[in-house]
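For reference, the structure discussed in these notes is given below.
The values are calculated or read from the model by the stated rules, or taken from the named source; none is laboratory data. Owing to the predicted nature of the structure, the values given are computational and were not obtained by experimental measurement. Methodologically, a virtual Cβ is constructed for each residue, glycine included, from the backbone with ideal geometry; neighbour enumeration extends over all protein chains shown.
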């Protein structure tokens with residue numbers, strides 16, 4: 001009797017918890033997803049928390065070291081700002097710009113034709129990030145609600 005293996009396609013599906021992204025493993029197999037949600041999540045929150053996004057930062061995420069295409073390097077400016085900026089409505093525009101910068105590679109690499117971003121503060125010290133990506137005529141909508149760790 002042989003064993004049956006299936007080929008997994010897509011990305012390992014991530015889901016949010018209060019302390020970051022987690023994966024779900026069922027019967028020893030990681031759950032997968034075919035969409036752009038994981039790419040968006042990793043773009044915003046997948047880099048090194050200490051990386052300020054500046055060129056040549058000594059704290060740049062280790063996964064960028066072998067990447068030769070500049071647009072594909074994860075810098076996670078969003079994550080950095082959530083750690084360093086006070087959680088005020090006055091900082092929403094700066095945070096929105098960081099989200100757009102972190103997702104820009106998706107447009108640069110022509111994976112999608114448009115990306116729209118909206119941010120809100122649903123509760124104290126939390127940020128809700130709505131992302132709408134138009135790719136090949138299909139629209140995908142994701143909402144990430146994260147802790148806004150910096151205090152006033």
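Quick rundown of the values:
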read-out	value
Residue in the stretch 33-53 that is surrounded by the most Cβ atoms within 10 Å (Cβ to Cβ), counting only those that are under 27 Å from residue 116 (Cβ atoms) and modelled with pLDDT under 75	47
Pair list, Cβ under 8 Å, 6 or more apart: the stretch 107-128 residue in contact (Cβ under 8 Å) with a residue 12 or more places away in the chain, other residue in a helix (DSSP H, G or I) and surrounded by fewer than 11 Cβ atoms within 10 Å (Cβ to Cβ)	121/89
Filter pass, residue 67 being outside any strand (DSSP E or B), surrounded by 11 or more Cβ atoms within 10 Å (Cβ to Cβ), without any contact (Cβ under 8 Å) to a residue 60 or more places away in the chain and out of contact with any strand residue (DSSP E or B) (no Cβ under 6 Å at 6 or more places or on another chain)	yes
Leading residue by the ranking (modelled with the lowest pLDDT) among those in the stretch 86-116 that are outside any helix (DSSP H, G or I) and surrounded by 18 or more Cβ atoms within 10 Å (Cβ to Cβ)	87
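Okay, residues lined up against (1) in contact with a strand residue (DSSP E or B) (Cβ under 8 Å, 6 or more places away or on another chain); (2) at pLDDT 85 or above; (3) surrounded by 14 or more Cβ atoms within 10 Å (Cβ to Cβ):
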site: 60; (1), (2), (3): no, no, yes
site: 75; (1), (2), (3): no, no, yes
site: 122; (1), (2), (3): yes, yes, no
site: 128; (1), (2), (3): yes, yes, yes
site: 137; (1), (2), (3): no, yes, no
site: 140; (1), (2), (3): yes, yes, yes
